[in-house]
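Participant: Just passing along the structure, written as structure tokens.
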Amino acid sequence: MTKQLWKLHSWLGLIAGLGLIVIGLSGSLLVFRDEIDGLVDARIMRVEPTPEGRLSKDRLYQSAQAAWPGYRIVGIGSRRDPGLAELVYLKKPGSHEYLGATLNPFTGAALSGPMTERQTFTGLLLELHYTWFADHVGMLITGILAVVLCLLGLSGIWLYRGFWKNFFRLRWRSSARIFFSDLHKMVGISSVAFNLVLGFTGAYWNLTHVAADGLGHHEEDPEAGASVAIGPAISFDALEAAAAERMPGFKATWFFLPDAEEKEISLWGTVPGSWWLSSPSGSSALFDPQSGSVVSVSDIRLAGTWQKITDAFTPVHFGNFGGVPVKILWSLLALAPGILAVSGFMIWFRRRKPLRKA
């Protein structure tokens, strides 16, 4: 069985190697997406706080409407770093495509946009990371690669189950095959838990999305970008207060407007007392767009075990739950699939070399 498992492990690694290198390298950079955005696009991403503080959600919405009158505002939200601009999502009438823009949350001034993900450096990286610039087909490929990463990790645990005997041995002066074998074992065992977690979360997101939406290209629908009118008395600040009555301490990080696909106004955010791996949008509230009455609330503190686990996928996958030290660790560990792919290829290549000379 071990021999067959070794063959399976080798061929899976060879087939998926290049893809895992690309995913690992792009993921390593995306851990620091906010920081990279702040450096590369400082003029449109970085903001200076004012003594008056952040604008209310109603003022932000009004500022976005005034800045981009030819577009429909889909959602507005903030990043973890308070020194970064507010993100605004928009759609053109009749289009499914989401466009992004940035807004100064202290002054309401438009800083950039509307633009697609591919018009920013980290947006390009993100699209490469999970779609390979191939929409749903790319998402399927990446999802399969994530499953392969899990299979490689599980098979590697069995193949190197006696790793503790020579775990820290790295024979620099031995043959290339022995050196890469030691490196492969050391990196693989050190990062196996990380690879399993990231592989599972990535596969879950991509494959469930493809299963729900299919692989086909969405035809442009004139109704897709049409707005669903909201009542004249609707106040997003009042909606946040209403959500906080149902979920004490609720603070909205995002709010989304209704359209032909989503019928309610939705607020997503945080609540105090949730566990340390809760995402910034783990709790939510839905509202009727005409009356503003509460349709439903979802408090992560009262959620079931599986909902809490899937909510934790975001901070765990992106490494944004423990400050800079965790980000550095996640960024380094994200290089592991690439190192394993290269070292695995070298082991295979060196083993086959004598056969080619025969």
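The values are calculated or read from the model by the stated rules, or taken from the named source; none is laboratory data. What you see is a predicted model, and the numbers here were worked out from it, not measured in a lab. Counting neighbours? That spans all protein chains shown, and the Cβs are built from the backbone with ideal geometry, glycine included.
Participant: Kindly provide the set of residues from segment 151-166 that are modelled with pLDDT under 80, exposed (fewer than 14 other Cβ atoms within 10 Å of the Cβ) and assigned to a helix (DSSP H, G or I), ordered by number.
Facilitator: TRP164, LYS165
Participant: For GLU240, work out the one condition from (1) at pLDDT 95 or above; (2) among the acidic types (Asp, Glu); (3) closer than 30 Å to ALA146 by Cβ it doesn't fulfil.
Facilitator: Result: GLU240 passes all but (3).
Participant: How many of the residues in segment 285-333 are touching a residue at least 40 places away in the same chain (Cβ under 8 Å), closer than 22 Å to ARG79 by Cα and among the small types (Gly, Ala, Ser)?
Facilitator: Number satisfying all stated conditions: 3.
Condition check ((1) at pLDDT 95 or above; (2) in a loop (DSSP other than H, G, I, E, B); (3) within 24 Å of PRO258 (Cβ to Cβ)) across all residues:
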{"site": "SER279", "(1), (2), (3)": "yes, yes, yes"}
{"site": "LEU286", "(1), (2), (3)": "yes, no, yes"}
{"site": "GLN290", "(1), (2), (3)": "no, yes, yes"}
{"site": "TRP306", "(1), (2), (3)": "yes, no, no"}
{"site": "PHE313", "(1), (2), (3)": "yes, no, no"}
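Participant: If you go through segment 316-335 one residue at a time, do you hit one that is touching a Phe, Trp or Tyr at 6+ places or on another chain (Cβ under 6 Å), outside any helix (DSSP H, G or I) and within 30 Å of ASP182 (Cα to Cα)?
Facilitator: Scanning segment 316-335, I find at least one residue that is touching a Phe, Trp or Tyr at 6+ places or on another chain (Cβ under 6 Å), outside any helix (DSSP H, G or I) and within 30 Å of ASP182 (Cα to Cα), so the answer is yes.
Participant: Mind checking which residues of segment 276-323 are under 21 Å from GLY249 (Cβ atoms) and of a type in the set (Asp, Glu)?
Facilitator: Those that are under 21 Å from GLY249 (Cβ atoms) and of a type in the set (Asp, Glu): ASP299, ASP311.
Participant: Among the helices (runs of 4 or more DSSP H) confined wholly to segment 1-59, which include 2 or more residues that are over 27 Å from the mean Cα position of the chain (by Cα) and not β-branched (Val, Ile, Thr)?
Facilitator: Helices (runs of 4 or more DSSP H) meeting the threshold: 2-30.
Participant: Taking segment 226-237 only, how many residues are loosely packed, with under 15 Cβ neighbours inside 10 Å and more than 30 Å from the chain's Cα centre (by Cα)?
Facilitator: Count: 4.
Participant: Counting only residues that are out of contact with any Lys or Arg (no Cβ under 7 Å at 6 or more places or on another chain) and on the phi > 0 side of the Ramachandran plot, how many does segment 92-150 have?
Facilitator: Number satisfying all stated conditions: 5.
Participant: Here's a follow-up. Can you pull out the residues in segment 75-99 that are among the β-branched types (Val, Ile, Thr) and either under 15 Å from SER281 (Cβ atoms) or surrounded by fewer than 18 Cβ atoms within 10 Å (Cβ to Cβ) (or both)?
Facilitator: The one that is among the β-branched types (Val, Ile, Thr) and either under 15 Å from SER281 (Cβ atoms) or surrounded by fewer than 18 Cβ atoms within 10 Å (Cβ to Cβ) (or both): ILE76.
Participant: Among the residues of segment 167-179, is there at least one that is surrounded by 16 or more Cβ atoms within 10 Å (Cβ to Cβ), at pLDDT 95 or above, out of contact with any Pro (no Cβ under 6 Å at 6 or more places or on another chain) and in a helix (DSSP H, G or I)?
Facilitator: Looking through segment 167-179, none of the residues is surrounded by 16 or more Cβ atoms within 10 Å (Cβ to Cβ), at pLDDT 95 or above, out of contact with any Pro (no Cβ under 6 Å at 6 or more places or on another chain) and in a helix (DSSP H, G or I).
Participant: LEU111 is checked against (1) crowded, with 19+ Cβ neighbours inside 10 Å; (2) over 30 Å from VAL47 (Cβ atoms) and fails just one. What number does that condition carry?
Facilitator: Against the list (1) crowded, with 19+ Cβ neighbours inside 10 Å; (2) over 30 Å from VAL47 (Cβ atoms), LEU111 comes up short only on (2).
Participant: If you don't mind, there's one more thing I want to ask. Of all residues in segment 51-74, which are among the small types (Gly, Ala, Ser), under 17 Å from SER112 (Cβ atoms) and surrounded by fewer than 18 Cβ atoms within 10 Å (Cβ to Cβ)?
Facilitator: Passing the criteria: ALA66, GLY70.
Participant: Tally time: how many residues in segment 115-124 are surrounded by 18 or more Cβ atoms within 10 Å (Cβ to Cβ) and within 20 Å of HIS317 (Cα to Cα)?
Facilitator: Qualifying residue count for the region: 1.
Participant: Kindly establish whether PRO222 is exposed (fewer than 15 other Cβ atoms within 10 Å of the Cβ) and at pLDDT 95 or above.
Facilitator: No; evaluated as a whole, the condition is false for this residue.
Participant: Here is a follow-up. State yes or no: is ARG72 within 25 Å of GLU97 (Cα to Cα), at pLDDT 90 or above and in contact with a Pro (Cβ under 8 Å, 6 or more places away or on another chain)?
Facilitator: So ARG72 passes the test.
Participant: Right, here's the next one. Quick one: which residue in LEU25, LEU30 is hydrophobic (A, V, I, L, M, F, W, C), surrounded by 18 or more Cβ atoms within 10 Å (Cβ to Cβ), out of contact with any strand residue (DSSP E or B) (no Cβ under 8 Å at 6 or more places or on another chain) and within 16 Å of LEU329 (Cα to Cα)?
Facilitator: Testing whether each residue is hydrophobic (A, V, I, L, M, F, W, C), surrounded by 18 or more Cβ atoms within 10 Å (Cβ to Cβ), out of contact with any strand residue (DSSP E or B) (no Cβ under 8 Å at 6 or more places or on another chain) and within 16 Å of LEU329 (Cα to Cα) leaves just LEU30.
Participant: Given (1) over 26 Å from PRO289 (Cα atoms); (2) touching a Phe, Trp or Tyr at 6+ places or on another chain (Cβ under 9 Å); (3) not in a strand (DSSP E or B), identify the lone condition not met by PHE106.
Facilitator: Among (1) over 26 Å from PRO289 (Cα atoms); (2) touching a Phe, Trp or Tyr at 6+ places or on another chain (Cβ under 9 Å); (3) not in a strand (DSSP E or B), the lone unmet condition for PHE106 is (2).
Participant: Is it the case that segment 23-36 has a residue that's among the aliphatic types (A, V, I, L, M), assigned by TED's automatic domain parsing to the domain that holds ILE347 and within 30 Å of LEU159 (Cα to Cα)?
Facilitator: For segment 23-36, residues among the aliphatic types (A, V, I, L, M), assigned by TED's automatic domain parsing to the domain that holds ILE347 and within 30 Å of LEU159 (Cα to Cα): present.
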